[in-house]
Amino acid sequence: MPARISFRVSTLLWQSPGRFEELLRYLTDFHDVVDDVAFFTGFTHPPLPLATIRAHAANMKPLLARFREAGFSAGINHLATLGHLDENLENSLRETWQHLVDIDGVVSKSCYCASDSQFLEYLRQAYRALAEAQPEFIWVDDDIRLESHQAGVTLACFCDLCLTDFSASTCKEWTREALREAFQRGPRESRLALRRQWLAHNRRYLARLLAHLRAAVDEVDPRIPLGLMTGETVYSGLGFDAFAQALAGPRSIEVKWRPGGGFYTDEVPSHLLAKAHSTGRQVSLLPPCIRDIQYEHENFPYQRRL
Ligand SMILES: [Zn+2]
């Protein structure tokens, strides 16, 4: 596949009529080197209320059409599915549904657990709304992971629902305390075997979630491809084959991939090298059917100037 240049478009640009027109004019001037635009659904990282997502999707619909008419491929980048950071909580999804839990029982303020059927129904409705905006693709951002959810819960999910699932798959009743003990003590072989079982559990969790998102989009338009952004999230299991299969769905449609990782400033230039190597390792794990691979170049335009 030839190289493609894609831009992720901040809400601050597409929600302002003046800045939207300016962006469309500017990118049209450079159409020879710009292929895709992906409108972000938010700029803070907890999941949004369903009403907000529906309103954003309805507002995006005619704007996506404008970019399509101008010859671009225009789609959506959904910033927060599970959630990532504890910020802007007052304007974010505020439900008593199951949140992510770490092995010590700490409960995330912003991130939700996909083992909760009510949260899954919310996600179904959210992705249906996005599909109804008629995007040419929908990117699922990299908060689809079980690690690096900051502010308290860095490794998840050890909620009661997830422990019940893990107990069923291992034919043994587990508590958080028993798991923590078994991960850390005992013969090396048994600790390794348990950790491998937990990684397999994490891969199943994420593949199940991605299949759920695919099914939600299929209800509206099964032709819309999904893309997944990843980092080198080893705790999440790196189950790229299963993730790609889930995103392709029963019709085996195209899947996009955006490998990357956090490199937000130039203060430590060697981090760029680390990201380049990490990206290479992620690409090496992709199944050969993934042809649309878009390196994540993070310029973080909303970073405050110091
Ligand atoms: Zn859970």
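Counting each DSSP H run of 4 or more residues in the chain as -39500 (n - 2.57), what helix-only mean residue ellipticity at 222 nm follows after dividing by all residues, to the nearest 500 deg cm²/dmol? It would help to have the intermediate numbers written out before the result.
On the way: 9 runs with 130 residues, N = 306.
Computed ellipticity for the chain at 222 nm equals -14000 deg cm²/dmol.
For the chain, with a Gaussian network of springs between Cα atoms less than 10 Å apart, report the residue from Y26, Y205, Y295 with the top mean-square fluctuation. In the Gaussian network model the winner is Y26. Nonpolar atom fraction for the chain, defined as the carbon and sulfur part of the 1.4 Å probe accessible area, stands at 53 percent. Largest first, the residues T170, T28, T96 sort by 1.4 Å accessible area into T96, T28, T170.
Between C111 and L100, the built amide H atoms are under 5 Å apart, and every one of these is 5 or more places off in sequence or on another chain.
Shown in residue order for region 224-236 are the 3J(HN,Hα) couplings computed by the Karplus curve 6.51 cos²θ - 1.76 cosθ + 1.60 at θ = phi - 60°: 6, x, 10, x, 10, 9, 10, x, 8, 8, 5, 5, 6 Hz (x for Gly and Pro).
Probe of 1.4 angstrom, ligands and nucleic acids ignored: what's the accessible area per residue over region 140-245, in square angstrom? Don't skip to the answer; put the middle values down first.
Details: 4890 Å² over 106 residues.
Roughly 46 Å² per residue, with all protein chains present.
Sort out for me the Cα centre separation of region 1-72 from region 125-203, rounded to whole Å. First find each Cα centre; the distance between them is then 32 Å. Based on protein heavy atoms only, region 79-135 ends up with 41 Å² per residue of surface accessible to a 1.4 Å probe.
Close amide H contacts of N77 (hydrogens built in the peptide plane, cut-off under 5 Å, sequence separation of 5 or more or a different chain): F39, F40, T41, W139.
The magnitude of the dipole of the chain, with charges of +1 and -1 set on the Cβ of Lys/Arg and Asp/Glu and taken from the Cα centre, is near 500 debye. Converting phi to 3J(HN,Hα) with the Karplus coefficients 6.51, -1.76 and 1.60 and the offset θ = phi - 60°, region 132-142 yields 5, 6, 6, x, 7, 6, 10, 8, 9, 7, 7 Hz in sequence order, with x at every glycine or proline. Seen from every direction in turn and averaged, the convex hull around the alpha carbons of the chain projects onto 17.2 nm². Note on R195 and V234: their simple-model spin labels are 0.8 nm apart, each label 7 Å out from Cα toward Cβ.
Of the residues G186, P46, P62, the one whose Cα sits farthest toward the positive end of the charge dipole of the chain, with +1 on the Cβ of Lys and Arg and -1 on the Cβ of Asp and Glu, is G186. Using a Gaussian network model of the chain with C-alpha springs under 10 Å, which one of N59, N77, N202 is most mobile by mean-square fluctuation? Top of the fluctuation ranking is N59.
Summarising the label geometry, the points placed 7 Å from Cα in the beta-carbon direction at R281 and R223 lie 4.0 nm from one another. Result for the chain in a Gaussian network model with C-alpha springs under 10 Å: among P287, P259, P269, the largest mean-square fluctuation is at P269.
In whole percent, what relative contact order does the chain give with Cα contacts below 8 Å and a gap of six or more residues?
Numbers: 514 pairs, mean separation 44.8, N = 306.
Relative contact order for the chain comes out at 15 percent.
Over all projection directions, the Cα-based convex hull of region 35-162 averages an area of 7.5 nm². Using the Cα coordinates of region 136-282, the gyration tensor eigenvalues translate into equivalent-ellipsoid semi-axes of 29, 23, 13 Å, sorted from longest to shortest.
Scanning residues 5 or more positions from T230 or on other chains, those with amide H under 5 Å from its amide H are R258, G260, with H placed 1.01 Å from N in the peptide plane. Computed 3J(HN,Hα) for region 273-280, one whole-Hz value per residue from the Karplus formula 6.51 cos²θ - 1.76 cosθ + 1.60 where θ = phi - 60°, is 5, 4, 5, 4, 5, 4, 4, x, glycine and proline marked x. Largest first, the residues F20, F40 sort by 1.4 Å accessible area into F40, F20.
The values are calculated or read from the model by the stated rules, or taken from the named source; none is laboratory data. All values reported here derive from a predicted model rather than from experimental measurement. A quick note on method: Cβ atoms are made from the backbone with ideal geometry, for glycine too, and the neighbour counts reach across all protein chains shown. Areas reflect the complete protein model, heavy atoms only, side chains present, ligands, DNA and RNA absent. Shrake-Rupley method; radii C 1.70, N 1.55, O 1.52, S 1.80 Å.
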